[in-house]
1. In Å², what does the accessible area per residue of the chain work out to with a 1.4 Å probe?
2. With a 1.4 Å probe and all protein chains in place, put Ile106, Ile167 in order of accessible area, largest first.
3. Sum -39500 (n - 2.57) across every DSSP H segment of at least 4 residues in the chain, then divide by the residue count to get the 222 nm mean residue ellipticity, nearest 500.
4. Helix 344-353 versus the longest principal axis of the chain: what is the Cα-based angle in degrees, 0 to 90, to the nearest 10?
5. Provide the percentage of antiparallel DSSP beta bridges, counting only those with both residues in the chain; round to the nearest 5.
6. Rounded to the nearest angstrom and ordered from largest down, what semi-axes does the equivalent ellipsoid of the range 132-235 get from its C-alpha gyration tensor (root of 5λ)?
7. How far is helix 272-284 tilted, in degrees, relative to the longest principal axis of the Cα atoms in the chain, given as a value from 0 to 90 rounded to the nearest 10?
8. Search the structure for amide H atoms under 5 Å from the amide H of Val67, placed 1.01 Å from N in the peptide plane, and list their residues when 5 or more places away or on another chain.
Amino acid sequence: MTVTARAHEIRRPALVRDMEFDRLTHLVRAARDRHGLVTELTGDPGAGKSWLLGGLAREARGDGVTVLSGRCSEAGAEQPFHPFLQALATWRGPGGRIVPAAATLIDVLGGAGEAETASFAGRHQLFVTVRRGLADCLAAVPGDVLLLLDDFHWADPLSVALLEMLIRRPVDGPLTTVVAHRPRQSPVRLRSVLDLGGVASVALGPLSYGQSARLLDGVEHALIRDLHDDAMGNPLYLTALADRPADDDGGGPWARGSLGARLLAETELLPGEARTVLDASAVLGDVLDLPAVAAVAGVDRDVACRVLTELGRRDLIRALPGSPGRLTFRHPLVRLALYAAIDPCRRSAAHRRA
Ligand SMILES: Nc1ncnc2c1ncn2[C@@H]1O[C@H](COP(=O)(O)OP(=O)(O)OP(=O)(O)O)[C@@H](O)[C@H]1O
Ligand SMILES: [Mg+2]
């Protein structure tokens, strides 16, 4: 496979998501005028949410806007206010010095204990302080501020509550917030908060064939259709497949390198039992059902059912559309990555049971 352009090196985020990017830019600009609005950016893993946020940040900085960024992580979901603390730490004033009111807010949020967070009254008082603190920060530094919160499906419950406050009672000052998340992995609480009136939404679906062709500018035309179909319009998988080295040995880009690592990272925190069920599913193929998964994993159906529900919550496994009782992986490449990572002895044992 010869690839003459490495798609991931293309820096213009508007290139294949121009409509979504323009809408996001427009919403952010309009929100700045009205102050304090929140926009959500949704999409499956690899759909391009962080990529668009990066483009939005560059564009905003070019317009003289202060950009604050916070990102949630699955491992960091235990730390209250993690994305907000991260974002506040990036709030710099003239001369690149941290805004003193932001440093105070970091102390307030970082030091919040049971008394401030466990009860409704405690949280209310805390958020009154936070609103005032944010208004002080905004007043201290001239110009607009754009707050970008990425991977919010992993946000801790207190960060979700703080986001709710920003939506219900916008802060006094030119603060605009964009929240990116994977909706299928977002807890119900977050989805209901983002469903509150006034939150605009931009969704990143699969790329059309035309968009894939633009993203793979430089790739032989004959290959684009296959790559688009294999990736099912997902830009992450599309660029990884296009960047596959010509001497690929069949292990595939999903088996190693950054794509493999990124896909496998989604399973890192799974307990052993879930890992066994997932590996059995990967051995079984793209179409699964509960009895077969339980048999190959060597576990009770009840156990397999509970684990498959959890794997569904993590959007590794989905219901197969139009086939009641059947399941499938979120994407065939997810299965291939998992399959390639199974210990060879366990893999052949699972094949014998399949
Ligand atoms: N608009 C785009 N133009 C060019 N390449 C893109 C675009 N969007 C995404 N990509 C490619 O797809 C990759 C994955 O995108 P990104 O990391 O933004 O996905 P994501 O939606 O944030 O996924 P996750 O939910 O896993 O964080 C990017 O690193 C880039 O290579
Ligand atoms: Mg991302």
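The values are calculated or read from the model by the stated rules, or taken from the named source; none is laboratory data. These numbers were taken from a predicted model, which means no experiment stands behind them. Heavy atoms of the whole protein, side chains included, go into the accessibility calculation; ligands, DNA and RNA do not. Shrake-Rupley method; radii C 1.70, N 1.55, O 1.52, S 1.80 Å.
1. On a per-residue basis, the chain sits at 47 Å².
2. Values: Ile106 45, Ile167 25 Å².
Accessible-area ranking of Ile106, Ile167, largest first: Ile106, Ile167.
3. Numbers: 17 runs with 187 residues, N = 354.
Roughly -16000 deg cm²/dmol at 222 nm, from the helical runs in the chain.
4. 60 degrees
5. Working: 7 of 28 bridges.
Bridges in the chain are about 25 percent antiparallel.
6. Numbers: eigenvalues 277, 65, 21 Å².
They are 37, 18, 10 Å, listed largest first.
7. Helix 272-284 sits at roughly 50 degrees to that axis.
8. Those lying under 5 Å, H to H, from Val67 are Leu146.
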